[in-house]
Each structure stands twice: as structure tokens, then as C-alpha cells.
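Inspection log for the structure reproduced underneath, given as C-alpha cells.
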Amino acid sequence: MNISEERRFKIRNFKNHLMISLCLIALLIGLIPLISILFEVITKGISQINFDFLTQEIYPLGQPGGGIGPAIQGTFIVILIACLIGIPIGVFSGIYLAEYPYSKMTFIAGFLNDILSNMPSIVIGIFAWILIVSVTGWSILAGGFALGIMMLPLITKATEESIKIVPTNLREAALALGIPNWKTTLTITVPTAKKGIITGILLAISRVAGETAPLLLTILGSRFFLTSFFEPTAALPLTIFNSSQSPFKYIDWPKAWGASFVLIFLVLIINVAVRLLTREKFKK
Amino acid sequence: MNKIQVENLNVWFSNKHVLNDINLNIEKNKVTAIIGPSGCGKTTLIRSMNRMHDLLPDAKVIGSITMDNYNIYGNNNKNKSIDSVLVRRKIGMVFQKPNPFPTMSIFDNVIAGLKLKGISNKKDLKNLVQKYLKLTNLWDEVKEDLDKSGISLSGGQQQRLCIARALAVEPEVILMDEPCSALDPIATGKIENLINELKKEYTVVIVTHNMQQAARIADFTCFIYLGELIEFGKTTQIFENPQNQLTENYITGRFG
């Protein structure tokens with residue numbers, strides 16, 4: 001190798017290292033907020049966690065003791081209602097968009113879906129407020145409805161995209177066996193895309209679990225356990241919000257950290273549980 | 001005896017005229033090979049025979065293809081349109097790339113099409129799985145692993161699994177679109193032997209790039225070039241005494 005070639009190699013190597021270093025630095029900068037949030041929540045929150053904290057009613061601001069039991073219960077129920085609305089409608093819409101990519105409806109609905117997924121959550125909250133709360137009063141059904149609408153575009157998009165990447169040759173194989181179109185979709189395409197669909201649902205749940213604005217407008221918040229579908233109800237994000245706004249920083253702020261820890265932990269549990277459930281059926 | 005009759009078949013994809021006035025008779029219980037250079041329309045022709053073009057919105061098929069005097073595109077005597085699902089049950093297909101269903105076990109792959117026929121008796125299904133895996137010479141290789149994933153097999157085994165799957169719905173015609181192009185010579189040999197077995201009970205149409213393969217297994221061969229059927233006849237005649245200059249050039253390797 002002569003001198004000039006060697007030099008070119010050195011410059012190329014240097015550029016290569018420079019590029020990788022820049023990417024790595026960007027990655028590290030991006031990780032700083034995430035890790036510091038997790039660190040703060042865990043160190044400040046975990047010390048609050050005990051049986052009473054998880055099961056007791058919420059005490060008024062400024063009063064020591066109590067727990068976040070109603071908030072955990074409320075969050076679970078409101079997410080459940082949201083799932084009942086968001087998952088079936090979202091999955092079937094996604095199937096339609098993926099299976100009929102050339103129809104006019106798909107063009108319009110796909111566009112509207114993108115708009116809906118960027119809709120500010122407060123607007124969806126107001127929508128649910130006018131539609132349900134203004135008629136029936138504060139209701140966890142309205143909260144579930146608002147969160148369900150928020151989940152809808154996310155699940156639709158995830159379903160559409162995961163079905164679209166199912167190889168055409170699998171669909172063709174099924175059709176060539178004389179399996180009708182709808183049955184091909186249900187028995188071949190959707191199961192093959194299952195992982196992506198479930199991941200989409202999961203992300204949607206995690207996304208709405210921490211929503212505060214629509215819940216403020218629909219379930220308002222409460223200190224007590226749920227007894228009826230038509231009453232103000234507690235939820236973790238609302239409890240975090242209320243406690244953190246309290247002037248009693250030594251009494252209520254730690255409760256907010258505790259509730260934040262529980263919320264993050266719940267999202268983590270949902271993630272892990274679904275990952276385990278959707279593990280590959282066959283070992284390769 | 002004619003099994004499938006293709007008459008004045010024209011196929012367009014959007015504005016592209018892919019097949020031009022194809023006329024072809026496929027004989028019953030024989031192997032018919034379709035050869036020709038890449039992009040000549042071989043695959044388009046074979047896919048029109050079980051209406052796979054229905055899936056593409058910009059594909060247009062004009063002309064008629066009849067099986068046992070029954071028009072598979074639309075109208076029989078009663079002017080009643082025929083369901084493509086029915087056509088595909090009678091005319092099965094094996095694809096270029098092995099495509100077992102990845103979410104199903106080997107067992108379930110074989111019976112994937114059968115379940116539709118309402119066969120749910122476990123013993124019957126077991127016997128059928130055994131029958132078709134034996135027919136495709138796969139049984140001895142997989143009998144211990146029937147509950148493993150279909151994609152855990154080697155490429156050649158996967159292709160034989162796909163053939164078993166296609167045969168299990170009891171079609172009368174098997175279309176094969178370059179079934180060996182992704183396989184090594186040993187796996188190819190196994191599938192060629194299988195095709196020879198199959199013609200006792202089925203009518204086979206095979207698209208192939210490999211002229212030696214056509215010469216080895218086909219009773220009839222048709223040569224397609226630029227969307228036109230150039231020559232069709234007994235394989236021996238096409239290979240030993242082609243009537244058309246283009247056919248001769250292709251077969252002797254002067255182009256394509």
C-alpha cells in the first residue's frame with residue numbers, strides 16, 4: 001500500500017468513528033431524561049409502597065396516612081372499559097384498511113384515523129363531557145369512552161400495518177386451497193400478524209393509562225372506592241395531579257411519588273405479561 | 001382427453017398486455033410444462049388458471065378457460081357466475097417459494113384446507129395427514145415432529161409439505177409455479193419423482209425455468225415468448241424437432 005492510499009484509509013476510518021460517536025452521543029442525551037425520571041420515581045416512590053398504601057382510601061390533602069386504593073381500582077376499570085371499546089373497533093377497522101387498500105373508504109378513513117391519532121386528549125375529553133357527562137353526570141363510562149376513542153386510532157394503525165407486512169404468498173397459499181377470503185383473513189393473516197396487533201394494543205393501553213386531561217373532564221376524581229358507574233371516580237393520574245398540587249409538601253408529595261411508581265409499575269406489568277402471553281408458539 | 005382448455009386468453013395488468021391470445025389444451029393425467037424466458041408471461045398464464053389474478057384490482061382477464069367444459073371465469077350455461085373459491089378447490093396450486101403457514105404445526109398445515117370440508121373427526125384427520133405426507137414422501141422424515149412448526153423444516157421439505165397441503169383438499173388439477181427454483185438438486189429430484197407419481201391421479205401443469213426439468217418430467221411442453229404462445233406439443237417433439245425458429249433458439253440456449 002502506498003502512502004496516499006494509507007492516508008485515505010485513515011481518513012475514512014476517522015469519519016466512520018466520528019459518525020458512530022455522534023450517534024452514540026445523541027442516544028445518551030436522549031436517555032438522560034428517561035433514566036432520571038425512572039430514578040426519581042423509583043427512589044422517591046418505592047418507600048411509600050406498603051399494603052395499606054395500595055388498599056386504603058385516599059385521605060384529604062394535608063392529612064397523613066391513607067392510600068391510593070380507589071385510584072388503582074378506578075384506573076383498572078376505566079382502562080377495561082376503554083379496551084372494550086377500543087380493541088374490537090380498532091382491530092376490525094385495521095383489518096378493513098389493510099384488506100381493502102384500494103377502496104375509497106380506506107383512503108378517507110385512513111386519513112381521518114391519522115387526524116384522530118393526533119387529536120389533543122383534552123379535545124376528546126370535552127367531546128366525552130358534552131356527549132355523556134353533561135347528560136348523566138360524572139361517570140366512569142364517560143372516562144372509558146374518552147380513553148377508548150384515544151386508543152382507537154393507535155390500535156387501528158397498528159393492526160393495519162402489521163397485517164400489511166404479512167407476506168402476500170401466505171394469503172395466496174390460503175386462497176389457492178379454496179379457503180374463502182374472510183376465513184383467510186381470520187385464520188391465516190390475523191394470526192400471523194398477531195404479535196404486531198397485540199403490541200399495538202399494549203402501546204395504546206400504556207399511552208392512555210397515564211392520561212389526565214380527559215379523565216378530569218369525565219370522572220373528575222374522588223377519594224372513595226367506586227360504587228356506581230355514575231359518580232366521580234378516582235384514577236392514578238388524577239391522584240398524582242391532586243397530590244402534587246397540594247401545599248403540604250411533606251405529606252402529599254410523597255403520595256404523588258408513590259402513585260407515580262404504581263402507575264409506571266402497572267404499565268410495566270402489562271407489558272411483561274403480554275410479552276409472555278404472545279411468545280412464539282414454536283421454537284425455531 | 002382435455003382437462004383444461006384455454007381459449008383466446010388475453011391478460012392485461014393496467015395497460016400492459018401481458019398475454020396475447022393464448023390457446024392451449026391441457027391433457028388429463030399428463031404433465032404439461034410451460035417454458036419461456038423471464039417475464040414472458042408463464043406465471044401469469046398459470047395463475048389465470050385458478051383465478052389468482054382476482055386479487056389484483058388492475059388485472060384484466062379476457063377470454064375463456066374451461067375445465068371439463070365448465071368455464072372457470074364466470075359463466076356456465078345457466079349464466080351463473082362461478083365462485084373463485086370453488087375453482088381453487090378443484091385447481092390447486094404450489095408456489096415458487098415454499099410457503100407453509102408459520103402459525104401452524106406441520107399437522108395443521110396439511111389439514112389447513114380440509115377443515116373447511118367439515119372433517120373434524122380426529123382419527124380421520126390423522127389418517128389423512130399420514131396419507132398425504134406419505135404420498136409426498138415426507139412422512140418418514142417428519143412423523144416424530146408433526147406438532148413442530150411448518151417453517152422448522154428445510155426448504156425442500158417445506159415444499160413437499162406445501163404439495164401435501166394442496167393435495168389434501170383433493171383437487172383435480174395441480175398448478176406448480178417453478179416449484180423447484182428455490183431448492184437444491186436432491187430436493188428437486190424428490191419433487192420431480194413426486195410429480196411423476198402425481199400424474200396417475202392428477203393433471204399437472206408446471207412452470208419451469210429449467211429446460212432439462214421440462215424434458216425429464218413433462219409429457220407436453222409449451223413455449224411462451226413475449227406473451228405469445230410460440231409452440232405447443234409433445235415434449236419430445238418440442239425438444240427434438242421444434243417447428244419454430246424461436247423455440248429452437250431458446251431450447252438450444254441461444255437466448256433466454
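Where a number appears in this text, it was derived from the coordinates with a stated rule and is not lab data. Keep in mind it's a predicted model, so treat the numbers as computed, not measured. All Cβ positions, glycine included, derive from the backbone under ideal geometry; neighbour counts span all protein chains shown.
For the charge dipole of chain A, defined by +1 on Lys and Arg C-beta atoms and -1 on Asp and Glu C-beta atoms about the Cα centroid, which residue among A:SER228, A:VAL166, A:ALA109 has the Cα displaced farthest towards the positive pole? Result: A:VAL166.
Relative contact order for chain A: 26 percent, from Cα pairs under 8 Å spaced at least 6 residues apart, divided by residue count. Shown in residue order for segment A:261-278 are the 3J(HN,Hα) couplings computed by the Karplus curve 6.51 cos²θ - 1.76 cosθ + 1.60 at θ = phi - 60°: 4, 4, 4, 4, 4, 4, 4, 4, 4, 4, 4, 5, 4, 5, 4, 5, 5, 9 Hz (x for Gly and Pro). Spatially, segment B:1-72 and segment B:151-184 are offset by 21 Å when compared through their Cα centroids. With the dipole of segment B:2-251 worked out from charges on the C-beta (+1 for Lys and Arg, -1 for Asp and Glu) around the Cα centre, which of B:GLN237, B:THR247, B:ILE26 lies farthest toward the positive end? Sorting the options by dipole projection puts first B:ILE26. Its Cα centre serving as origin, segment B:85-182 has a Cβ charge dipole (Lys and Arg +1, Asp and Glu -1) of approximately 380 debye. The mean number of partner chain beta-carbon atoms within 10 angstrom of a residue's beta-carbon across peptide B:53-59 is 2.
Hey, can you grab everything whose amide H is under 5 Å from the amide H of A:SER222? Only 5+ residues off in sequence or another chain; H modelled, so Pro and N-termini drop out. Hits under the 5 Å cutoff: A:ALA234, A:ALA235.
Given the options A:LEU236, A:LEU112, A:LEU217, which has the most mean-square fluctuation in a GNM of chain A, springs set between C-alpha atoms less than 10 angstrom apart? In the Gaussian network model the winner is A:LEU112. As a length-normalised measure over Cα pairs under 8 Å and 6 or more apart, the relative contact order of segment A:62-163 settles at 50 percent.
For segment B:150-228, which GluC sites (Glu not before Pro) pass both filters: DSSP loop (anything but H, G, I, E, B) and at most 14 other C-beta atoms within 10 Å? Here the sparse-neighbourhood loop sites are B:GLU201. Label positions at A:MET119 and B:LYS122, each projected 7 Å from the Cα along the C-beta direction, are separated by 4.9 nm.
For the peptides B:84-97, B:131-144, the ranking by packing is B:84-97, B:131-144, with the highest mean count of neighbouring Cβ atoms within 10 Å listed first. Each label was represented as a point 7 Å from its Cα along the Cα-to-Cβ direction; for B:ARG216 and A:SER244 these points are 7.1 nm apart. For the pair A:PHE9 and A:VAL135, label points projected 7 Å from Cα toward Cβ lie 7.7 nm apart. Amide H to amide H, with H built 1.01 Å from N, B:ALA59 comes under 5 Å of B:SER14, counting only residues 5 or more places away or on other chains.
For the protein assembly as shown, the equivalent ellipsoid derived from the Cα gyration tensor has semi-axes of 61, 29, 23 Å, listed largest first.
Based on Cβ point charges of +1 for Lys and Arg and -1 for Asp and Glu, what charge dipole magnitude is obtained for the protein assembly as shown about its Cα centre, in debye rounded to the nearest 20? Its charge dipole is roughly 460 debye.
Judged by the mean number of other Cβ atoms found within 10 Å, the most tightly packed of the peptides A:193-199, A:91-97, A:143-149 leads the ranking A:143-149, A:91-97, A:193-199. Segment A:1-66 and segment A:211-284 have Cα centres spaced 23 Å apart. Each Lys and Arg adds +1 at its Cβ and each Asp and Glu adds -1 at its Cβ; summed about the Cα centre, segment B:122-161 shows a dipole of about 220 debye.
As a quick test, which of the pairs B:LYS42/B:LYS199; B:LYS30/B:LYS90; A:LYS164/B:LYS143; B:LYS97/B:LYS190; A:LYS157/B:LYS148 have an alpha carbon distance above 25 angstrom in this structure? Checking Cα-Cα distances, A:LYS164/B:LYS143; A:LYS157/B:LYS148 exceed 25 Å. GNM remark for chain A: springs join alpha carbons under 10 Å apart, and the peak mean-square fluctuation among A:THR189, A:THR218, A:THR75 falls on A:THR189.
Between A:PHE76 and A:ILE25, the FRET efficiency from the beta-carbon distance, with R0 = 51 Å, is close to 0.80.
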